[in-house]
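Working notes, structure below.
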Amino acid sequence: MLKKQFAMGSFILTNSRTCLKNLCPLLRHPLYHQRAPQKNKQPNNHSYCTNGERRPSAFHGTKHRDFTQRERTSFPKSVFAAGNARRTAEILKRKSGADQEKVGTGSPKGRAACIAEVPDRALSVSEWRDLKSSSSRPERFELRMMEGMLAAKADISIAKSLLNYVADEKGTLPYELLLRFLTLCVSGGHHSEVSDVYDIMKSCFKTLDTGAYSLFVKGLSQTERWREVLIILEDIKKVITPSSRNYGDAVSGAVLHGDRETAWRLYGELMDQGLMPNQETWRCLFESGVSQHANKDELLAILTYMRENQIYPEEKLVRSLKAWFESLPDENWRGKFTSVDPRGVCQSCGTELESIQLTEEEYAQLKHRVMEDVIEGRDVFNKTTPEELESFKSFVKKRPAFDVIIDGLNVANITPKCVKSQTLLAVVSELQGLNILVLGRKHMQQPSRNWNRHDMNQIKQKAHCFFTENISEDDPFLLYAALHSGNHCNFVSRDLMRDHKACLPDNATRRLFFKWQRGHQLVLSNFIPGKRIHFQRTSLYDTVVQSHGKTWHVPYDEDRGDRSTYEVPQRWLCLSNDV
């Protein structure tokens, strides 16, 4: 009679023929046999248009200055251009001499220490025993070894020999250890071992945690047992909603084995759950549709989803997208990787891309939400007082709409070695002729080494000025004045407003804010006293997936690119149909 004993976190091999039978394939072809056997020991073609606005209308007679392009080709790129943050960090690093600092050579820690302990070959049971006895940290030795193998991407035979040792010593393989071995198998693409571990764990544990289920979904989806993944998904649903990654792995398995119907059914479930698909899932679906019209509408809907959620495909995905378009039967799509000039014109096909300017409806929506959630939000009076805010609103309403708002303190601090008032005066003078508002703090009016009285008097003559209390935060005032003045109004600041964008209630409004910001925020690239002020240019066009007639334009992230979350790609896939 079979006797099974279950223990917390491990399965016991005591007189358990079922468990031994399942364990045998995993440890098949034993690596060593020095020890004598002991009891209980065992080794449709249609046009599609996004209908975006192409170019902004005139500013209704309001005097303004064009900050989007200049005669000189050396005009600095936008602060929102991909890679700008990395380049800036490298420049600052060079200036500070940080790249000359030597890296410390202390003893390895964390994962590095685990990797250092991992042997470079499979060991016998006795060798593992000796290694553990000589270890300075024998506690959790086996788990630490397996974690080291994961970090080092060690050969699977070394991990198997460790399992042989543990089974020989303890008569049990702990759940935690098996889970780490499973991770190693999945990450290394060892499909037969994944299948073996699945059989062992299914027979020896009543339930598995969601982490184990997720690993089996990923691992089994690449094998002939991929349909069992559908059963595992149902088991996960009993506890939680399967993740986007779970669904993506299942879709990948269905596509790999030629079952597009199941793949699209699973993708539909993913979308119905409100999950964000990962790019590998989209890539699988586009590659499954090459050379056929099947699911064309669903694949075009993926592009619409990218557009609506401001998602930028990675280069690997965009190449699959290009191949799919070019393979469509009886169509004549041609794709080219290109860029867009500062005017917003595609350098491949000459199409003028959508304007960065918000429509009247979008602007009204954004203004309402910013006023309600940022300017008048629940924490606004931690940054100012009701009296000060009302005083500022009255100040703004009594003056003509501003053309540009300057964050005075932010701008003045751009060059630490310069007199702050001199820097601010230079920026105001550069913008002279526009209706300017300078926002500052009251301490700026007190004569000091950094705040020259003559400079400040000149600033007051050239611009409207409002000085808040020294403890007040001026960003809400800046946003209020800019949005109250109208869609033509720009603002000057190096602050990227990420905290204020985070206060907005939904992703759609945050995307509108980012679009408005990219079209209206002026950032000083540098300041040298006596030299002309240089602003990093604002964008004329929107960086978003878009279609006009017989063209598609898809901005994408380059391989080995380094784009911060507040930056937008500079490379595009241009798809045109000459039929």
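The values are calculated or read from the model by the stated rules, or taken from the named source; none is laboratory data. The structure presented is a predicted model; accordingly, all values stated were derived computationally and were not measured. Every residue, glycine among them, receives a Cβ derived from its backbone with ideal geometry; neighbour counts consider all protein chains shown. To get the accessible areas, we keep the full protein, side chains included, count just its heavy atoms, and leave off ligands, DNA and RNA. Shrake-Rupley method; radii C 1.70, N 1.55, O 1.52, S 1.80 Å.
Details
- For segment 314-343, a residue qualifies if it is within 30 Å of N487 (Cβ to Cβ) and under 25 Å from the mean Cα position of the chain (by Cα), and the qualifying residues are T338, S339, V340.
- Residues that are open to solvent by 10 Å² or more (accessible area, probe 1.4 Å) and touching a Leu at 6+ places or on another chain (Cβ under 7 Å), drawn from segment 165-178: G171, T172, E176
- Qualifying positions in segment 345-356 - in a loop (DSSP other than H, G, I, E, B) and over 25 Å from the mean Cα position of the chain (by Cα): Q347, S348, C349, G350, T351
- Hey, E387 in a helix (DSSP H, G or I) and open to solvent by 60 Å² or more (accessible area, probe 1.4 Å) or not: yes
- Checking segment 435-452 against the condition returns a match, with at least one residue being touching a Gly at 6+ places or on another chain (Cβ under 7 Å), of a type outside the set (D, E), in a helix (DSSP H, G or I) and crowded, with 21+ Cβ neighbours inside 10 Å.
- When the helices (runs of 4 or more DSSP H) confined to segment 179-289 are screened for residues that are in contact with a Ser or Thr (Cβ under 8 Å, 6 or more places away or on another chain) and open to solvent by 30 Å² or more (accessible area, probe 1.4 Å), those reaching at least 2 such residues are found at 191-204, 210-220, 244-256, 279-288.
- Restricting T565, T551, T543 to those that are surrounded by 22 or more Cβ atoms within 10 Å (Cβ to Cβ) and of a type in the set (S, T, Y) reduces the list to T543.
- A count restricted to segment 525-579 and to residues that are in a strand (DSSP E or B) and over 30 Å from S429 (Cα atoms) stands at 18.
- From L522, L573, residue being modelled with pLDDT of 95 or more and either of a type in the set (A, V, I, L, M) or under 29 Å from L409 (Cβ atoms) (or both): L573
- Qualifying residue in segment 353-372 (condition: modelled with pLDDT under 90, among the charged types (D, E, K, R) and more than 30 Å from R537 (Cα to Cα)): no
- Test result for T415, at pLDDT below 95 and part of a helix (DSSP H, G or I): no
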